[in-house]
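Just below is one structure, and these are the notes that go with it.
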Amino acid sequence: MNNIKYKGWKIIFLLSVVLILPAHAVETASKVENTDKETFNPGKFVIGHVTDSYNWHITKIGNTELSIPLLVIVKSQDRGWFAFCSSRLNEGAVYEGFKISDTDQYKNKVIEILPNNEVVLPTDISITKNVASLLICSALVLWIVLSLARHYRKTPMKTPRGFLGAIEYIVIFVQDEIIKPCVGKDYLRYSPYLLTLFFFILINNLMGLIPFFPGGANVSGNLAITSVLAVCTFLVVNLSGNKEYWKDIFWPEVPIWLKVPLPIMPFLELFGIFTKPIALMVRLFANMLAGHMIAMVFMSIIFIFGAISPLVGTGVSVFAIFFAIFMNFLELLVCVIQAYVFTLLSSVFIGLSRIETKKEY
């Protein structure tokens, strides 16, 4: 019976890969084709795919853009708060003195045009594409965790099956193979944060691979989001640090001339406190951003060569789509690895801040 269920999960996984990844390639090719009706700009196309926006683009049918408008929430300098649908700002339209800028200075941001024609940036807390995806993924994490908790509350002695069984396996793996060995004896204190971190990153990464709503947003490839995750780990690590941890930073056991009169080693140790979260932030951001951009680059190659010769463009398209699909397979693996690595390093940093003796170190 367990073998049948295992095969069932394999079939579901393979079907999702076979259906979603080619769909992603077709969707991106469609976007390039629509862009190519004007003067095709590869850089503009690639950057436009990975940046945030005030609407959720679905597809283009003829000359009609099919997208989901989102909520724009801005505060004027002297007129208070405004909340309206982003469709009011489509195609350079101005609404209540606001518009989406097309200049290089405030590219794709909502700007306010004052009565004297001065352009300023309002306070902007809009529900953009990345924010909407963030809310959807957060709700999905809550649903998964609460569903598993509800199962144990109702039937504490019964092992969950199917999807919840797979989630339980992941929870056990992360706790027993990552959190417990790295954090140490009081690992249960930090398990809720680290498990939440793992599932949040994993689900956001996987949702970014889905080419249609509610997927396709570049959440994990957004520096603002990865920086917040890194700051959370930074606070947990340093607020949990014991006296041995802080002693090693401000008075490490090194030759005295490295500490007095110039505090060379304390300075380096203190500097290391900030480089650790920066490394976490940049690693997740760069890896996820690169995966999205490479797929777009392969699609752009078709139309770059197509501009030289339609025959060459047709021949190149076969290889470009093949490599784009291959990169999506690779990115699927990267999604899991990056969630694993971020959680692993966060656990290691927390564990190092909780070491009590040099012998344990």
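The values are calculated or read from the model by the stated rules, or taken from the named source; none is laboratory data. For clarity, every value in this text was computed on a predicted model and none was experimentally measured. We place every Cβ from the backbone using ideal geometry, glycine too, and count neighbours over all the protein chains shown. For the accessible areas, the whole protein counts, side chains as well, though only heavy atoms, and no ligand, DNA or RNA atoms are used. Shrake-Rupley method; radii C 1.70, N 1.55, O 1.52, S 1.80 Å.
Tabulated values for the structure
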item	result
Karplus 3J(HN,Hα) series, Hz, for segment 181-191 with 6.51 cos²θ - 1.76 cosθ + 1.60 (x for Gly, Pro)	x, 7, 7, x, 5, 9, 5, 4, 5, 10, 4
Selection from 336, 81, 302, by position along the positive dipole direction of the chain (Cβ)	336
30 Å Cα-Cα threshold exceeded, pairs from 247/276; 75/276; 180/243; 129/158; 75/107	75/276; 129/158
Two-decimal Rg/Rh across segment 284-327, once Rg and the Kirkwood Rh are taken from alpha-carbon atoms	1.10
Rounded, prolate or oblate (a/c below 1.5 giving rounded, otherwise prolate when a/b exceeds b/c) for segment 123-207 by Cα gyration tensor	oblate
Centroid-to-centroid separation of segment 227-303 and segment 58-82 [C-alpha atoms, Å]	37
Relative packing of peptides 206-215, 341-350, 154-163, 80-89 - highest average C-beta neighbours within 10 Å first	341-350, 206-215, 80-89, 154-163
Rg ratio (alpha-carbon, reference 2.2 N^0.38 Å) - segment 210-351	1.55
Among 272, 111, 348 the positive-end extreme of the charge dipole of the chain (Cβ point charges)	348
Relative contact order (%) - criterion: Cα under 8 Å, at least six apart; region: the chain	20
Stretchable slack from residue 145 to residue 159, in nm (0.36 nm times residue separation minus alpha-carbon distance)	3.5 nm
Surface share of carbon and sulfur [accessible, 1.4 angstrom probe, percent] for the chain	69
Centroid-to-centroid separation of segment 98-142 and segment 185-203 [C-alpha atoms, Å]	32
At most 16 other Cβ within 10 Å, DSSP loop - chymotrypsin sites (Phe, Trp or Tyr not before Pro), segment 87-154	106
Share of pairwise Cα separations in segment 46-168, more than 20 Å, in percent	57
Descending principal axes extents, the chain, alpha-carbon based, whole Å	69, 67, 47
Cα-only radius of gyration and Dmax that characterise segment 98-242, units Å	20.5, 71
Cα-projected label distance for residue 93 with residue 117, points at 7 Å along beta-carbon direction, nm	2.4
Probe 1.4 Å, protein heavy atoms only - accessible area per residue of the chain in square angstrom	57
Cα-projected label distance for residue 223 with residue 270, points at 7 Å along beta-carbon direction, nm	2.6
Under 5 Å, built H, 5+ apart or other chain: amide partners of residue 60	66
Neighbourhood charge, 10 Å Cβ-Cβ cut-off, centred on residue 119 and excluding it, Lys, Arg +1 and Asp, Glu -1	-1
Nonlocal amide H pairs with residue 55, under 5 Å, H built at 1.01 Å	129
Efficiency of FRET from Cβ geometry, residue 51 and residue 75, R₀ 25 Å, rounded to 0.05	0.65
Using θ = phi - 60° and Karplus 6.51 cos²θ - 1.76 cosθ + 1.60, couplings along segment 297-305 (whole Hz; Gly, Pro as x)	5, 4, 5, 5, 4, 4, 8, 5, 6
Rounded if a/c under 1.5, otherwise prolate or oblate - segment 172-283, Cα gyration tensor axes	oblate
Dipole magnitude of the chain about its Cα centre (Cβ charges: Lys, Arg +1; Asp, Glu -1), debye to nearest 20	1340
If the convex hull is drawn through the Cα atoms of segment 271-361, its volume per residue in Å³	101
J(HN,Hα) series, segment 249-256, from Karplus relation 6.51 cos²θ - 1.76 cosθ + 1.60, nearest Hz, glycine and proline x	7, 8, 8, x, 7, 9, x, 4
About the Cα centre, charge dipole magnitude for segment 209-356 (Lys/Arg +1, Asp/Glu -1 at Cβ), debye	100
